[in-house]
Amino acid sequence: MPLTSSRLCFLVVCTATAILYSGCSTGSSITVTNNTSPEDVIDILRHHDAAVSTFYGVGQITLETPDLSNTAGVTIRVKKNDSLMVEISGPFGISVGTGLVTGDQFQFYNGIDNSLLVGKPTPEAFRRVLRLPIELDDIFELFTGTMTVGRAAKPGIVPNGIAKGDEYYIVYKSQEENIEYVIDLDRAAVSSFRRHDSTGALVEEVRFRDFRERNGTYVPTYITLRRPMEEQELTITYDVVKVNPPELTFPFRVPANVRRILLRDSG
């Protein structure tokens, strides 16, 4: 069928709209040109991260602090911006503890002493379990291997961007700190985050490695959070990862005779 002028115009408009919507993205990668801005890359990353609504992972969690060094099995269930469940197990898969965050409530069941911590999901609440304070939004991103570029920066700071090979660097600079995100262009994912103070000292670093493709999205299976000034390091390694698994459940149960502990200092 020959193309009429109206049909040709319609195809041109559809093609242009598709290009505009995809920005500089091709499949699961990002193509950077001289006209690509940091905001363009951030928009593409936001689109890819939005494709991950639920997450399931099984692996190991390791914590290193000046007074503690321990590794345990871990199972993670996440419904982004809604619910988070963490099951910690010891040798032979024996359950040690289970944590659940839903809305503004934090609960952690300690199977060793049959106690239940109850409070709000504050950094102090997470410190009681993980031995280091972490914001709730950071917990969601850390366990799922996704990161919202710019969320950690102060409002109003305009980012700078530069491409280096298959990586793209987005930097937010202020008088108090410098924040740097490194983007893996081939996988359209954040591969590392670094925060430096005004003296240039490294305050915090998050690294995402060993990516696997799941449902068209790349997710890391090796995740580290490092705070060198406090000598704290948290590492998560996944043996199993599932993105948007069907019928994800959060089977959090505690015995009727559990000893409840209210975290009054958590809000």
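The values are calculated or read from the model by the stated rules, or taken from the named source; none is laboratory data. In this text, all values refer to a predicted model and were calculated from it rather than measured experimentally. Glycine gets a Cβ as well: all are built from the backbone with ideal geometry, and neighbour counts include every protein chain shown.
Within region 156-174, is there a residue that is closer than 26 Å to F126 by Cβ and either surrounded by fewer than 14 Cβ atoms within 10 Å (Cβ to Cβ) or touching a helix residue (DSSP H, G or I) at 6+ places or on another chain (Cβ under 7 Å) (or both)?
Taking every residue of region 156-174 in turn, none turns out to be closer than 26 Å to F126 by Cβ and either surrounded by fewer than 14 Cβ atoms within 10 Å (Cβ to Cβ) or touching a helix residue (DSSP H, G or I) at 6+ places or on another chain (Cβ under 7 Å) (or both).
Pick from region 134-192 the residues that are in a helix (DSSP H, G or I) and not charged (D, E, K, R): which of them is nearest to I61 (Cα to Cα)?
Taking the candidates together, the pick is F143.
Please list, ordered by first then second residue, the pairs with beta carbon atoms under 7 Å, 6 or more apart or interchain, first in region 140-168 and in contact (Cβ under 8 Å) with a residue 40 or more places away in the chain, second of a type in the set (D, E, K, R) and assigned to a loop (DSSP other than H, G, I, E, B).
Partner pairs satisfying both residue conditions: F140/K80; T144/K80.
Examine region 107-117 for a residue that is assigned to a strand (DSSP E or B), hydrophobic (A, V, I, L, M, F, W, C), exposed (fewer than 15 other Cβ atoms within 10 Å of the Cβ) and touching a strand residue (DSSP E or B) at 6+ places or on another chain (Cβ under 7 Å), and state whether such a residue exists.
no
Please list, ordered by first then second residue, the pairs with beta carbon atoms under 8 Å, 6 or more apart or interchain, first in region 229-255 and within 20 Å of T98 (Cβ to Cβ), second assigned to a loop (DSSP other than H, G, I, E, B).
As it stands, the answer is L234/L132; P255/N114, since those pairs meet every condition given.
Only one of these conditions is not met by F252: (1) of a type in the set (F, W, Y); (2) modelled with pLDDT under 95; (3) assigned to a strand (DSSP E or B). Which number is it?
F252 satisfies all of (1) of a type in the set (F, W, Y); (2) modelled with pLDDT under 95; (3) assigned to a strand (DSSP E or B) except (3).
How many residues, within region 189-234, are closer than 16 Å to T148 by Cα and touching a Gly at 6+ places or on another chain (Cβ under 8 Å)?
5
Can you tell me which of D43, D82 is closer than 30 Å to N160 by Cβ, modelled with pLDDT of 85 or more and within 17 Å of the chain's Cα centre (by Cα)?
Residue meeting the stated conditions: D43.
Residues are listed down the side, and each one gets a yes or a no for (1) surrounded by fewer than 17 Cβ atoms within 10 Å (Cβ to Cβ); (2) farther than 26 Å from L68 by Cα; (3) hydrophobic (A, V, I, L, M, F, W, C):
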| residue | (1), (2), (3) |
| --- | --- |
| V219 | no, yes, yes |
| I223 | no, no, yes |
| V241 | no, yes, yes |
| P251 | yes, yes, no |
| N257 | yes, yes, no |
